[in-house]
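Peer 1: Below you'll find the structure I mean.
The values are calculated or read from the model by the stated rules, or taken from the named source; none is laboratory data. Treat the numbers as computed from the prediction; the structure is a model and nothing was measured. Glycine also receives a Cβ, built like all others from the backbone with ideal geometry; neighbour counts cover every protein chain displayed.
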Amino acid sequence: MKVIRSREEILSFSNKCDKEIGIVPTMGNLHDGHLKLVEASLLNNEVTIVTIFVNPKQFGPNEDFQKYPRTLDDDISRISSLEELLKNKDNELIIFAPSSVEEVYPANFNTVISVKGLDNTLCGLNRPGHFDGVCTVVYQLFSLTKAKRAYFGLKDFQQTLIIRKLVKDLLLPVDIHLIDIIRDEDGLALSSRNKYLNVDERLQALTLPKRIKNLEQLVKESGISEAMKKTKIYNKESNVDYFHILDSSNLSPVSNDTCEVVIAGAMRFGNTRLIDNTLVKINA
Ligand code: PAF
């Protein structure tokens, strides 16, 4: 398995490559949720490029950029365990792990990609500039790899909507594929940040998926307005960033035209902020 560390080498590879490329953008510290994305790409593309880059532009000044777990050797061995899924010997699995920030953003890189409208709710409110950082790096990674398909996890639901809008607005020639949330047996959604939790916090963190499930049941059994009353109660708690029920197509308030809602939550356990969500069809 090839590991590419420089901008020059990834560009030289993608410019010459005459096969269809699938990209799995990650920030490393890979868990089974990431591996599902890689598997999906391996099934559909002759070349899969997994990118591993902790993108400074998507972290706020008081966020965890410095301490974000960097585990490249482990990540490489986890990805190489999937090589057996390559459908034939001409298919390739490649890791692009830029050796420095400049390999992605060279000196004098001055562009910010900003998708307006979808970032004024949920995580966009608590993390100003976060989604501009995500859009800028995703655009850059698409350009560097010339990927035809890209794979993202639904745990970051708002991110998936924003990236789909970016691709639509800028007519990017990339198909976006979304993969379901993978959970531990007790229900906690897999996240690289789960590693920060101590034993007590790990137990408390189950409150998040339990509340999402609770709200889902309320939506199904008692209706949206009962579920919304419950979110208001949750939102008063000091370790809750938000619980919201929104139209899943555009994150606007639920209306008569809404066919599906996203129930999204973000909570803090110690210094760790976790997010989770589920989608529920309504008016079916
Ligand atoms: O979801 C993530 O891990 C990141 O936001 C992404 C898409 C890799 C961009 O840095």
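Peer 1: Conditions: (1) crowded, with 21+ Cβ neighbours inside 10 Å; (2) not in a loop (DSSP other than H, G, I, E, B). Gly28 meets all but one. Number of the miss?
Peer 2: (2)
Peer 1: Out of all the residues in the range 205-227, which are more than 19 Å from Ile275 (Cβ to Cβ) and of a type in the set (A, V, I, L, M)? Steps first, please.
Peer 2: Step one: filter the range 205-227 for residues more than 19 Å from Ile275 (Cβ to Cβ), giving 217-218, 220-226.
Within the range 205-227, Leu218, Ile224 meet the criteria.
Peer 1: Using the structure shown, decide if Lys220 is under 30 Å from Thr48 (Cα atoms) and charged (D, E, K, R). Don't jump to the end; show me each part of the working.
Peer 2: Values: under 30 Å from Thr48 (Cα atoms): no; charged (D, E, K, R): yes.
When the stated conditions are applied, Lys220 does not pass them.
Peer 1: Could you look through the range 210-252, keep only residues that are in contact (Cβ under 8 Å) with a residue 40 or more places away in the chain and farther than 20 Å from Ile162 by Cβ, and pick out the one that is surrounded by the most Cβ atoms within 10 Å (Cβ to Cβ)?
Peer 2: Ranking the qualifying residues of the range 210-252, first place goes to Leu215.
Peer 1: Could you go through the range 244-256 and let me know if any residue there is on the phi > 0 side of the Ramachandran plot and not small (Gly, Ala, Ser).
Peer 2: Yes, the conditions are met somewhere in the range 244-256.
Peer 1: Being touching a residue at least 12 places away in the same chain (Cβ under 8 Å) and among the small types (Gly, Ala, Ser) is the filter here; which residues of the range 118-144 pass it?
Peer 2: Residues of the range 118-144 touching a residue at least 12 places away in the same chain (Cβ under 8 Å): 118-119, 121-142, 144.
Hits for the range 118-144 are Gly124, Gly129, Gly133.
Peer 1: Condition first: away from the ligand (no atom under 15 Å from the Cβ), surrounded by fewer than 22 Cβ atoms within 10 Å (Cβ to Cβ), in a loop (DSSP other than H, G, I, E, B) and not hydrophobic (A, V, I, L, M, F, W, C). Can you find one or more residues in the range 34-56 that meet it?
Peer 2: Scanning the range 34-56 turns up at least one residue that is away from the ligand (no atom under 15 Å from the Cβ), surrounded by fewer than 22 Cβ atoms within 10 Å (Cβ to Cβ), in a loop (DSSP other than H, G, I, E, B) and not hydrophobic (A, V, I, L, M, F, W, C).
Peer 1: Could you check the range 83-194 for helices (runs of 4 or more DSSP H) lying wholly inside it with 2 or more residues that are within 11 Å of the ligand (Cβ to nearest atom)?
Peer 2: Numbers: elements: 122-126, 130-145, 157-169.
Ranges flagged: 130-145, 157-169.
Peer 1: Got a sec? Which of Glu39, Glu46 is over 19 Å from the mean Cα position of the chain (by Cα) and at pLDDT 95 or above? It would help to see each step written out before you state the result.
Peer 2: Numbers: Glu39 fails: over 19 Å from the mean Cα position of the chain (by Cα).
Result of the check over Glu39, Glu46: Glu46.
Peer 1: Would you tally the residues in the range 158-181 being in contact with a Phe, Trp or Tyr (Cβ under 8 Å, 6 or more places away or on another chain) and either farther than 16 Å from Asp276 by Cβ or hydroxyl-bearing (Ser, Thr, Tyr) (or both)?
Peer 2: Just the residues of the range 158-181 that are in contact with a Phe, Trp or Tyr (Cβ under 8 Å, 6 or more places away or on another chain), to begin with: 158-160, 162-163, 166, 170, 172, 174, 176-179.
From what is left, the residues that are either farther than 16 Å from Asp276 by Cβ or hydroxyl-bearing (Ser, Thr, Tyr) (or both) are 160, 162-163, 166, 170, 172, 174, 176-177.
The qualifying residues number 9.
Peer 1: Test Lys146 against the criterion of being touching a helix residue (DSSP H, G or I) at 6+ places or on another chain (Cβ under 6 Å), at pLDDT 95 or above and within 30 Å of Ile10 (Cβ to Cβ), and give yes or no. Show your work before the answer.
Peer 2: On the way: touching a helix residue (DSSP H, G or I) at 6+ places or on another chain (Cβ under 6 Å): yes; at pLDDT 95 or above: yes; within 30 Å of Ile10 (Cβ to Cβ): yes.
Spelling it out, Lys146 is indeed touching a helix residue (DSSP H, G or I) at 6+ places or on another chain (Cβ under 6 Å), at pLDDT 95 or above and within 30 Å of Ile10 (Cβ to Cβ).
Peer 1: Moving on. Give me the pairs: first residue in the range 175-187 and loosely packed, with under 14 Cβ neighbours inside 10 Å, second residue assigned to a strand (DSSP E or B), beta-carbon distance under 7 Å, and six or more apart or on different chains, which are they?
Peer 2: Taking only residues 6 or more apart or on different chains, the pairs are Asp175/Arg149.
Peer 1: Against the definition (under 22 Å from His177 (Cα atoms) and of a type outside the set (D, E, K, R)), how does Gly129 come out, yes or no? Working first, answer last.
Peer 2: Values: under 22 Å from His177 (Cα atoms): no; of a type outside the set (D, E, K, R): yes.
So Gly129 fails the test.
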